[in-house]
Structures are given as structure tokens and as C-alpha cells.
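Structure first, then comments.
The values are calculated or read from the model by the stated rules, or taken from the named source; none is laboratory data. Not measured: the values here are computed from a predicted model. Counting neighbours? That spans all protein chains shown, and the Cβs are built from the backbone with ideal geometry, glycine included.
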Amino acid sequence: MKIKDFLQTEDVFLDVSGSSKKQVLENISALCAKQIQLEEQVIFGALVERERLGTTGIGRGVAIPHARLANLKDLFGAFVRVKPIDFESVDGQPVDLLFVLLVPEDSGADHLKALARISKLLRDEAVCTQLRQAQTAEDVINLIKKADND
């Protein structure tokens, strides 16, 4: 499984607004709801519930909010760039790059494989620097495809 299998150009959102973790998750939920035809509050509730278990802020300005959704048919990913916000990240640093992963409730190993691919990609500092500098959604997709080539 490659990231391009669940991330499309229209799922890249650059410069999303939000001054808090909650506000960013609300805005992300609204964007994702339009893409996957599910209610925004369902997505937001699932993401917040997952955050209660422990932060998805993995460090160095990166977070991978993810959740399982009952009425979702296929894996869905969204790349989101925001102005740095406090995300209660494990290293205490603000987050500006988020990769959202929404998966069907009954997804098994695919969920873990997708999280592993995303995590590997976003642990590469050079890739993160390029993602921070990308001008368009197409730039982001091309960069991710190039970096996720193994």
C-alpha cells in the first residue's frame, strides 16, 4: 500500500486556519466531510475521541490525527498544513503539518500499514521541509509520491 492509494490532490489543504487544536480539528472535519460524504460532527467526534487516548502529535511539528468511522467504505487520507499551533505534541513543539487518516471501522492491517507509511514519510526532515515550502496541492502530491517510492 502506498500513500497515493488513499491521498488525492483534492485531499490536500494548505494554510488551513485555526488557533487551537480543537479549532483545527473542527476545520479539518469540515473539509473531510465534504470529501467523504459523512457528517462533520461524526468525524470531529471520532478525531477528538482518539486524541483523548493520547496525542497524535508525533514531534518535530507533525501530527497524524486518525480515527475509525462506522459508515466509511474506504481508507481516506488528507494532508493539512496550518500555522503552528499547540497540539500537545510529544515533544512539546507546535504542529504545522498534519496527515489525517480516516478508516472504516472494520479495517484491519490496512489501517496499521497506512499509519506506518505516513509515519515513515513524516519522520524525514527533508520531506517535511519541502512540505512546508510547497506552493500547491500538486506540489505536495508529487513530493509525497516521490518520497513514498519503496
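Below, the figures for the structure above:
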read-out: Qualifying positions in segment 1-25 - surrounded by fewer than 18 Cβ atoms within 10 Å (Cβ to Cβ) and either modelled with pLDDT under 95 or within 13 Å of the chain's Cα centre (by Cα) (or both); value: 1, 2, 4, 5, 8, 14, 15, 16, 17, 18, 19
read-out: Members of segment 114-124 found to be of a type in the set (D, E, K, R) and buried (at least 19 other Cβ atoms within 10 Å of the Cβ), listed by number; value: 117
read-out: Subset of segment 65-85 that is crowded, with 20+ Cβ neighbours inside 10 Å and in a loop (DSSP other than H, G, I, E, B) - its residue that is nearest to the chain's Cα centre (by Cα); value: 65
read-out: Any hit, segment 94-113, residues being modelled with pLDDT of 95 or more, surrounded by fewer than 16 Cβ atoms within 10 Å (Cβ to Cβ), assigned to a loop (DSSP other than H, G, I, E, B) and not hydrophobic (A, V, I, L, M, F, W, C); value: yes
read-out: Enumeration of residues in segment 30-64 that are of a type in the set (Lys, Arg), outside any loop (DSSP other than H, G, I, E, B) and over 20 Å from residue 10 (Cα atoms); value: 50, 52
